[in-house]
Amino acid sequence: MINKTVCFSGHRPEKLPGKGDENREETAFIKKLLADKISQCIRNGYTRFFSGTARGIDLWAAEEVIRMRESSPGITLVCVKPFENQGIDFPAEDRQLYEKIISLADSVVCTSAQYKKNCYSIRNRYMVDNSDLLIAFVKSYRSGTGQTINYAGKLGKKTDITDLSDMEFIMKYEQLSF
């Protein structure tokens, strides 16, 4: 069986609407939208999910894939670390989530042995190169997420991009479409 693979890209919590605060409507909305997109992928036959294991979108996506794996046997989570000691300087809550996700992943790939200037770019390219679909949440295209989106476009990869630059509009639009 050939795995149809999805990878994720997005900003760190402090760069997102809602700043990753669990009590903010924007954060809850982003997480729900992410869950809906993952669920749709599973319904469309995607079985393998790559998470770059960064704080924010990457960890939230991985957490959701793990949750959905319980009711969708056969889907797998691959954590793609940019360097071996990633997570060591995460805030305590994020580090706890990171360690939980790494322990529950079906496999872990490390694209660089140690931190170096371009290790995140190497990780992002690895994920895009080995995926059929990129799901990204972006507010600023002048970012690693923006570079990942551009790279996927150059390769002709299928993308599902949510531009968060006008979050208020997106939330109103989504409410109307249900």
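Among the GluC sites (Glu not before Pro) in segment 1-91, which ones are in a DSSP loop with at most 10 other Cβ atoms within 10 Å of the Cβ? Mind listing them?
The qualifying sites are E22, E70.
Pick out, in residue order, every one of the trypsin sites (Lys or Arg not before Pro) in segment 106-141 that is DSSP loop and has at most 10 other C-beta atoms within 10 Å; say none if there are none.
In loop regions of segment 106-141 (DSSP not H, G, I, E or B), the sparsely surrounded trypsin sites (Lys or Arg not before Pro) are K117.
Can you tell me which lysines have their Cα less than 30 Å from the Cα of K37? Leave out same-chain residues fewer than eight positions away.
K4, K15, K19, K81, K100, K139, K154, K157, K158, K172
Can you give me the relative contact order of the chain as a percent, contacts being Cα pairs under 8 Å and 6 or more apart?
Once divided by the residue count of the chain, the mean separation gives 24 percent.
With a 1.4 Å probe and all protein chains kept in place, how do S140, S131 rank by accessible area, largest first?
S140, S131
Tell me, what is the per residue accessible area of segment 113-152 in Å², probe radius 1.4 Å?
55
Just in segment 80-170: which chymotrypsin sites (Phe, Trp or Tyr not before Pro) are loop by DSSP and have at most 15 other Cβ atoms within 10 Å?
Y115, Y141
Considering only C-alpha atoms, what is the centroid distance from segment 98-143 to segment 39-87, in Å?
11
The values are calculated or read from the model by the stated rules, or taken from the named source; none is laboratory data. A quick note: this is a predicted structure, and the numbers were derived from the prediction, not measured. Every residue, glycine as well, gets a Cβ built from its backbone with ideal geometry; the counts of neighbours run over all protein chains shown. Remember, those area values only see protein heavy atoms, side chains included, never the ligands or the DNA or RNA. Shrake-Rupley method; radii C 1.70, N 1.55, O 1.52, S 1.80 Å.
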